[in-house]
Amino acid sequence: MAEAQLINGRADAAVAPEDRGLTYGDGVFETIAIADGQPRLWDYHMDRLLEGAHRLGLPEPPLATLREEARYLARPAGGAVLKIYYTRGVGDGRGYRPPAQPEPRRMLIRHGLPAIPEERWEGVDCRLCQVRLSAQPALAGIKHLNRLEQVLARSEWHDPAVAEGLMLDPDGLIVEGTATNIFAVRGRTLVTPPLAEAGVTGVVRRWILAQAEALGLRVEQRGIRPEQLPEMDEVFLTNSLIGLWPVRSVASRELPVGTVSRSLLERMAEQRLTPLLGQARGQP
Ligand SMILES: Cc1ncc(COP(=O)(O)O)c(C=O)c1O
């Protein structure tokens, strides 16, 4: 349930059923953590939204207005989730062809925090999904509104003990989780898939890559095969809401939880990247 919303700046506006975000998934979105009444990693989220809008040929999102509206919705909430949807607006009834003069629609919705068991930050069990991510360089990296591959993958399991499913590309290399990016550490090397053909370039992924040097880690962007996971010293998953979950098993094969995950979690908590992490660590 939404706690509050603004649709093109209005709390009481409705979305037209012809909105191309709804009919074709023609738009982009962001899921933003709010901690202490402030949207976190805002600039990273806006960079990805801009890149997505640019790639889809949408009019440039009004960043100053989005910031103002996001602050307005975030202010009353200590910890919350802010979703921003930016669509091409209503079509002109001519099918897929985008209207020559689109009137984009922005929707900002504040939700309460999800309830997540605290032990997930100690380590999670994952599975391998059957549904594969298709290769599509034109859409890879951006957070567009077509998420059917993830919907199918997330429908594959109902066991609450399984926290996340890993998704493979057509060649069988791991791309990411259904709603998370994946990292592995081997020695002093941090490995993460390149996401040039599939996947979402997460804002937390970007934050982690920016920390690597300070942690004395060399970054390698390459695909990982599921059978290579047991060779890794540690594996972890990231997104804006959870921050980071260490992975303790994939498809019942156990993996060690290591020190890189722990130091990144500490840095995230210090920087208040997500309110869930603060809660999980016993902070107010
Ligand atoms: C498919 C997918 N990949 C990766 C991510 C992680 O992105 P971020 O770090 O920006 O939250 C998400 C977030 O929901 C996602 O849905």
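The values are calculated or read from the model by the stated rules, or taken from the named source; none is laboratory data. Because the structure is a prediction, the values reported are computed rather than measured. Using ideal geometry, Cβ is built from the backbone for each residue, glycine included, and neighbour counts are taken over all protein chains shown.
Listed by position, the strands (runs of 3 or more DSSP E) inside region 141-240 whose residues that are among the aromatic types (Phe, Trp, Tyr), without any contact (Cβ under 8 Å) to a residue 60 or more places away in the chain and not assigned by TED's automatic domain parsing to the domain that holds LEU49 number at least 3 form an empty set.
Selection of region 252-268 for residues being farther than 15 Å from ALA163 by Cβ and β-branched (Val, Ile, Thr) yields THR259, VAL260. In the set GLU266, GLU234, only one residue is more than 25 Å from GLN130 (Cβ to Cβ), among the acidic types (Asp, Glu) and crowded, with 19+ Cβ neighbours inside 10 Å; that residue is GLU234. Only one entry in ARG71, ARG20, ARG48 is buried (at least 19 other Cβ atoms within 10 Å of the Cβ), modelled with pLDDT of 95 or more and more than 16 Å from the ligand (Cβ to nearest atom), namely ARG20. For region 207-218, a residue qualifies if it is within 16 Å of the ligand (Cβ to nearest atom) and surrounded by 15 or more Cβ atoms within 10 Å (Cβ to Cβ), and the qualifying residues are TRP207, ILE208, LEU209, GLN211, ALA212.
Residues that are more than 14 Å from the ligand (Cβ to nearest atom) and hydroxyl-bearing (Ser, Thr, Tyr): does region 235-251 have at least one? Yes, because at least one residue in region 235-251 is more than 14 Å from the ligand (Cβ to nearest atom) and hydroxyl-bearing (Ser, Thr, Tyr).
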